[in-house]
1. Return yes when LEU278 is over 23 Å from ALA219 (Cα atoms), hydrophobic (A, V, I, L, M, F, W, C), surrounded by 17 or more Cβ atoms within 10 Å (Cβ to Cβ) and modelled with pLDDT of 95 or more and no when it is not.
2. Output the residues belonging to region 136-149 that are open to solvent by less than 50 Å² (accessible area, probe 1.4 Å) and either at pLDDT below 95 or not aromatic (Phe, Trp, Tyr) (or both).
3. Take the conditions open to solvent by 60 Å² or more (accessible area, probe 1.4 Å), within 24 Å of GLY116 (Cα to Cα) and at pLDDT 95 or above and apply them to TRP37. Does it pass?
4. Here are ALA284, ALA320, ALA307: which of them is under 26 Å from SER238 (Cβ atoms), in contact (Cβ under 8 Å) with a residue 24 or more places away in the chain and exposed (fewer than 15 other Cβ atoms within 10 Å of the Cβ)?
5. Any residue at all in region 83-97 that is over 30 Å from PRO214 (Cα atoms) and assigned to a strand (DSSP E or B)?
6. Consider region 43-82. How many of its residues are assigned to a loop (DSSP other than H, G, I, E, B) and surrounded by fewer than 17 Cβ atoms within 10 Å (Cβ to Cβ)?
7. Taking ASP253, is it at pLDDT 95 or above, over 19 Å from GLY304 (Cα atoms) and open to solvent by 20 Å² or more (accessible area, probe 1.4 Å)?
8. Can you give me the number of residues within region 297-325 that are in contact with a helix residue (DSSP H, G or I) (Cβ under 6 Å, 6 or more places away or on another chain) and not in a helix (DSSP H, G or I)?
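The values are calculated or read from the model by the stated rules, or taken from the named source; none is laboratory data. Since this is a predicted model, take the numbers as computed values, not measurements. Here the Cβ is made from the backbone with ideal geometry for all residues, glycine too, and neighbour counts use every protein chain on show. Side chains included, ligands, DNA and RNA excluded: accessible areas come from the protein's heavy atoms. Shrake-Rupley method; radii C 1.70, N 1.55, O 1.52, S 1.80 Å.
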Amino acid sequence: MTAKEHLTVLLIISSARDDLVHAVLPRLRERGVPLLWWDEADYPGASTLTTGFVDGRWRQTLTCRSGTYDLSEITAVWHRRPDRPSAPGVREPSQREFAEHAARAALTGAYDLMAGARWMPATPQHALAVDNKLLHLYRATGLGFTVADTVVTNDPGELVPAWNRSGGRLITKALGYRAFTVDGEARHLFTATVPRRRLSGRHRLRYGPAMLQPNVPKAYELRVTVVGERVFAARIDSQASRLTAVDWRHYEDPKVGYTPYDLPRDVTERCVRLVAGLGLSYGALDFIVTPDGRYVFLELNVDGQWAFVELLTGMPIGDAIADWLADATTRSHPEGPVDVR
């Protein structure tokens, strides 16, 4: 480390506007963790990143507004929804796009070489690779979770049979969370029921695959947050309001209660195994609990929100994240890039 470099062991990669990082930051400082908070949006326009193999060793340095950092000293990384790399100094749009694409490629390579550090939830390229609802359902069935009958298709001929199998209680889900516009207004797709009249428009399914499932009866729902091997389960009384009965994420309603929930040990253990088996250190899982007491797995959110659960239930999820990151920083410094093949 040169005289100008700063020693840090925790790298937080996130937008400066991220409220969740702001919530955890004081807890990390209480634990005395040396850290750097950096946003990919500062690269390449306001930061320099140098990766090289010189004189028989690999070296990576990041220079940003607060100084220069030796990335070989990093033992823990929290990668949480940073803004995209930005090259605002390049005026011509296609050239700026080229520069930003090159920046993303350089970051991917740099992160691969930091695989000796512990990542939450995982390196971004790995998190992206496993962020797939079908994969989560497949792994969940392998662990013995109850999963609703599921069809993902763009074949219009599959819609009526799925509707009939559900007894007319069919729902549809998007395969990913991505905003789009209708008449200039931003829209999002939430879980929605499929009434009989929609069957006449089934030809539209051809242009975009959807997930089809029966609308499983609910007594209530669960949001289960896994941080390493610690599990926090919250009961969501979604059936207390008509607005949240199909998808509790769609509306905020004061009638809907959130309370800590005592999850059975076998379900708890399977939640930890599902997250770890995907190569993740964090995951937010959603379940339905049926009127007859069955736990039906819905999905896993690789980087799902947790602050609202902590706020509404008092469960110390942010402390668990701070503990995991602080514990990761106490391990030995990686001696160099590991073989990630």
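1. Against the criterion (over 23 Å from ALA219 (Cα atoms), hydrophobic (A, V, I, L, M, F, W, C), surrounded by 17 or more Cβ atoms within 10 Å (Cβ to Cβ) and modelled with pLDDT of 95 or more), LEU278 qualifies.
2. If the condition is that a residue be open to solvent by less than 50 Å² (accessible area, probe 1.4 Å) and either at pLDDT below 95 or not aromatic (Phe, Trp, Tyr) (or both), then HIS136, LEU137, ALA140, LEU143, GLY144, VAL147, ALA148 are the ones that fit.
3. Details: open to solvent by 60 Å² or more (accessible area, probe 1.4 Å): yes; within 24 Å of GLY116 (Cα to Cα): yes; at pLDDT 95 or above: yes.
The answer is yes for TRP37.
4. Values: ALA284 fails: exposed (fewer than 15 other Cβ atoms within 10 Å of the Cβ); ALA320 fails: exposed (fewer than 15 other Cβ atoms within 10 Å of the Cβ).
So the residue among ALA284, ALA320, ALA307 that is under 26 Å from SER238 (Cβ atoms), in contact (Cβ under 8 Å) with a residue 24 or more places away in the chain and exposed (fewer than 15 other Cβ atoms within 10 Å of the Cβ) is ALA307.
5. Step one: filter region 83-97 for residues over 30 Å from PRO214 (Cα atoms), giving 83-97.
Of the ones still in play, those that are also assigned to a strand (DSSP E or B) are 86.
Looking for residues that are over 30 Å from PRO214 (Cα atoms) and assigned to a strand (DSSP E or B), one finds at least one in region 83-97, hence yes.
6. Going residue by residue through region 43-82, those that are assigned to a loop (DSSP other than H, G, I, E, B) are 43, 45-47, 55-56, 65-66, 74-75, 81-82.
Right, trim to surrounded by fewer than 17 Cβ atoms within 10 Å (Cβ to Cβ) and you get 45-46, 55-56, 65-66, 81.
The total comes to 7.
7. Here the answer is no, as ASP253 does not meet what is asked.
8. Of the residues in that region, 5 qualify.
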